[in-house]
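The values are calculated or read from the model by the stated rules, or taken from the named source; none is laboratory data. This structure is a prediction, so every number in the text was calculated from the model and none was measured. No Cβ is skipped: glycine too gets one built from the backbone with ideal geometry, and neighbour counts run over all protein chains shown. Ligands, DNA and RNA are excluded from the accessible area calculation, which covers all protein heavy atoms including side chains. Shrake-Rupley method; radii C 1.70, N 1.55, O 1.52, S 1.80 Å.
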Amino acid sequence: MAWSGRFDDFSTYSTTDDNRKQRNRSSGGSNSFGTTASGVPVKINEITPDIPYVNLIGSILTKDGPKSIISKKGSGSERFLVSFALRDSPDALINCTCWGNEGFITNLAQSFNIGDIVEVRNAQVQSKSVNPNDDRYKPWTPSGFQLNLSENHSSVELYSGWDLSTYNRLKHVPTRPNNDYYTLEDVWPARDITTKTGKQTRKCDVVLCDETCSNFILTLWDNYVEFALNWVPRQTIIFAADVKILHNSYKDCMSATADSKTVFTVDPDTPEGHILYQFVKSQADMGSSFLADTDRSEQDPELSSIRDVYSVEKVKQWKAAVSDQEQSVHYCVMYVYVTTFNIDADSNTVFKNVCSNCKRELKADTGFICTNDQCPGSDPMATDLSGPTVEFNIWLSVSDHTGTLDYCNLQGAPAEEVLGCKATEFQSFDIPRKTSSKWLYLLERCKVVLKMKKISTDFSTKTSFRILSLSKPQATEIMNATNFKY
């Protein structure tokens, strides 16, 4: 299926261009390709109007295609292309378009991916198009030029020179000012789909979060799908430039989608990127390790004795009102909708390993050995102890008319009661069965009994929201609830 769009750079190499290149190849001295006879590449910022052809080395920022275009200047013949953005320094980016027959372009597109370092040879220099429609399909670049590559006279090859590390460092430098950072929460499985025009493509959804939002959906297509599969949940930070913001009618929320203009910087090496990483790491630890261990030693009241009904706003007010130096525990009931419940997602957000003796969480970096000095499981030489136990450790969000409360922890026995099985049994379920269990509660009105706890240590202050009970309430129960704290 040919794409019927229009580019001003469709007319690429003329016969005059080819003859001029042949003369320069045989001249033996300096040539018109923007390099010396030894073929030393130039820098993007060194390109000038009097250099018709260049060799460049740089990092692949984006990749679009392969696809085809119908020529409107001739007999309606079909040409094929793949385009990409190239970068060789923090402030130097340029768009490139490769033209050729279907087989050549298909093979070329398969030879490199986003993030690869490549050497481009014999690329034709062209001033940027004055057609504003052309910019709709290409990433923003500060360069006043763009490059065209011919099947017969140009090449794109993976680069492996001595200065490869210099170009690799560019992957972590944002292409725009340092703001609007998001960290990755989850990558949903990629899937193959067929568009309305019959085109085969790939799609996946990524859930992003930052200090203000825990579940913002970003949709990726085609080449970006493979790129995103290397992102690690709750570890990868991304800077996304030029994403399109849309209203998702199915989920009734705002979301984003990446297109041919979008540029991603992974794990940006900036103060803002490091701060956000530390924030997410602290949120992931919330409710586990120290806070969870102290919960184990506390005796919670009977659920029936907890009667104060709080809204989401009231819970946030409680958190703000308790000083950082104060250690406080409070219990409440909430009537809310469950708005995030990713029990069919990555297992790192659903399960945890705990000591079978004292129930303290065990970490991979300690070899899953208990660090509780008072527990016999802390002795690595002990032989009469059972191994780690798997427990539920689910993070969810709840919402009402006053807002959303993120990072609520549902673990242990309360989670087993909600899902009707042990964690080890749930691990064996296939994805459709896990998803079916999720939709029993997702977007449903639920009664939540919440334990709110703030603890100050020598290094930080943390607040946990642990769910002691989650159930479907009766309508009369909601109407008769007393002691509302709205």
Residues satisfying the stated conditions in the range 152-163, i.e. surrounded by 11 or more Cβ atoms within 10 Å (Cβ to Cβ) and of a type in the set (Gly, Ala, Ser):
Ser154, Ser155, Gly161
Regarding Gly65, is this residue more than 19 Å from Arg121 (Cβ to Cβ), open to solvent by 10 Å² or more (accessible area, probe 1.4 Å) and touching a Leu at 6+ places or on another chain (Cβ under 7 Å)?
yes
Quick one: which residue in Phe459, Phe392, Phe429 is open to solvent by less than 30 Å² (accessible area, probe 1.4 Å) and either over 28 Å from Val322 (Cβ atoms) or modelled with pLDDT under 90 (or both)?
Phe429
Evaluate the range 56-67: report whether one residue or more is more than 30 Å from His172 (Cα to Cα), at pLDDT below 85 and not hydroxyl-bearing (Ser, Thr, Tyr).
no
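To keep it simple, each residue is scored yes or no on (1) under 14 Å from Val54 (Cβ atoms); (2) surrounded by fewer than 20 Cβ atoms within 10 Å (Cβ to Cβ).
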| site | (1), (2) |
| --- | --- |
| Lys128 | no, yes |
| Phe145 | yes, yes |
| Leu149 | yes, no |
| Ser165 | no, yes |
| Lys171 | no, yes |
Residue among Gly115, Gly74 that is at pLDDT below 90 and within 29 Å of the chain's Cα centre (by Cα)
Gly115
Might you let me know whether the range 213-225 holds any residue that is modelled with pLDDT of 65 or more, open to solvent by 20 Å² or more (accessible area, probe 1.4 Å) and of a type in the set (Asp, Glu)?
yes
Would you say Val206 is at pLDDT 75 or above, closer than 30 Å to Pro52 by Cβ and in a strand (DSSP E or B)?
no
Residue in the range 318-335 that is modelled with the lowest pLDDT, counting only those that are under 33 Å from the mean Cα position of the chain (by Cα), within 14 Å of Ser464 (Cα to Cα) and surrounded by 14 or more Cβ atoms within 10 Å (Cβ to Cβ):
Lys319
Residue under question is Asn45, and the condition is that it be part of a helix (DSSP H, G or I), open to solvent by 40 Å² or more (accessible area, probe 1.4 Å) and without any contact (Cβ under 8 Å) to a residue 24 or more places away in the chain; does it hold?
no
Answer from Tyr441, Tyr407 - the residue that is of a type in the set (Phe, Trp, Tyr), at pLDDT below 90 and open to solvent by 20 Å² or more (accessible area, probe 1.4 Å):
Tyr407
